[in-house]
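Everything below concerns the one structure shown next.
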Amino acid sequence: MAESRSFQLNCACGHEFETILWDSINVTENKGLKSQLLNGEINIIQCPKCKKKSYIEKELLYHDMDLKLWIRMYPQMDRPKWPSLEDEMGQKLQQKLKLDAYAFRMVFGRDELVEKVRIFDSGLDDRVIELLKLRVVQEDESLKDAHDVRIAFSRYIPEDAEIQLHVYSQQNNVSQTVIVSFDHYVEIEESQEHLAAPKDESQKICHGSYVNLSKSRILH
Ligand SMILES: [Zn+2]
């Protein structure tokens, strides 16, 4: 079920107004909300007086009943709190064992949410994707010393057996698309590295509900 609530907001122009913001969206019941999310239109508000549009980043629950996918998005600024939020979510999930077949994920900010949605929509395993990203970063000389590297899944092209990733680093002045052969994905998947018990930094990435490369100290 999709849920929204009324909020009281203060615009920078001084006008105070009431608006509706989404708390949760069910994209199986309402496909329109999904396109809104992908187009960056969810929780965009407009001041009725000065007409200024702004994005309100708040917690949002994403539910896809067909893919059995449930993602809790926290504001991007909460990312440093991931260890405690992940623990909290793990405890809540243990009480919901009947939802076993579901994938539960947490993300920070809408870019991470949209990325997860794209990965699952492509029928890929996000844990394998994060390990693939790790390989790309480790093998790229130009990125090794950068402390602000961000790498995101862009798309999977089955016809060409290619996965496209986007790499950004302001420090190294990099913003480029990296094309990775799908063979690398298959190789990681078959080795089951993403399912192994977390013995080192890199394997922690795939455990818990925050499946993200930034959990590793390799990226800062
Ligand atoms: Zn205003």
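Just so you know, all these numbers are worked out from the coordinates, no wet-lab data involved. Remember, predicted model here, so these are calculated numbers, not experimental data. Ideal geometry is used to build each Cβ from the backbone, glycine not excepted, and the neighbour counts take in all protein chains shown.
For the reader, a short list of remarks on this structure follows.
- The chain: angle of helix 82-94 to the longest principal axis, Cα-based, in degrees nearest 10: 90 degrees
- Amide H contacts for residue 166 (H built 1.01 Å from N in the peptide plane; partners 5 or more residues away or on another chain; cut-off under 5 Å): 152, 153, 154, 178.
- Prolate/oblate/rounded call for the range 123-215, Cα gyration tensor, a/c under 1.5 rounded: oblate
- Among beta bridges that DSSP assigns inside the chain, antiparallel share in %, nearest 5: 80 percent
- Cysteines without a disulfide-compatible neighbour (Cβ-Cβ under 4.7 Å), the chain: 206
- A straight line joining the Cα centroids of the range 147-220 and the range 1-67 runs 29 Å.
- The chain: Rg to Rh, with Rh as the Kirkwood radius over Cα pairs: 0.99
- Distance in nm between pseudo-label sites at residue 93 and residue 191 (7 Å out along the Cβ direction from Cα): 2.4 nm
- Dipole magnitude for the chain: computed about the Cα centre from +1 point charges on Lys and Arg Cβ and -1 point charges on Asp and Glu Cβ, it is near 980 debye.
- Summed side-chain charge close to residue 49 - residues other than residue 49 whose Cβ falls under 15 Å, Lys, Arg +1, Asp, Glu -1: +1
- Shape call, the range 1-93: gyration tensor on alpha carbons, a/c limit 1.5: oblate
- Debye, to nearest 20: dipole size of the range 3-119, +1 on Lys, Arg Cβ, -1 on Asp, Glu Cβ: 240 debye
- For the range 49-163, the square roots of the Cα gyration tensor eigenvalues, ordered a ≥ b ≥ c, give a/c below 1.5, which places it in the rounded category.
- Residue (of 39, 84, 8) at the positive-pole extreme of the range 1-109, dipole from beta-carbon charges: 39
- Cross-link table 34/81; 34/215; 68/92; 52/81; 68/204; 133/204, entries beyond 21 Å C-alpha to C-alpha: 34/81; 34/215; 52/81; 68/204
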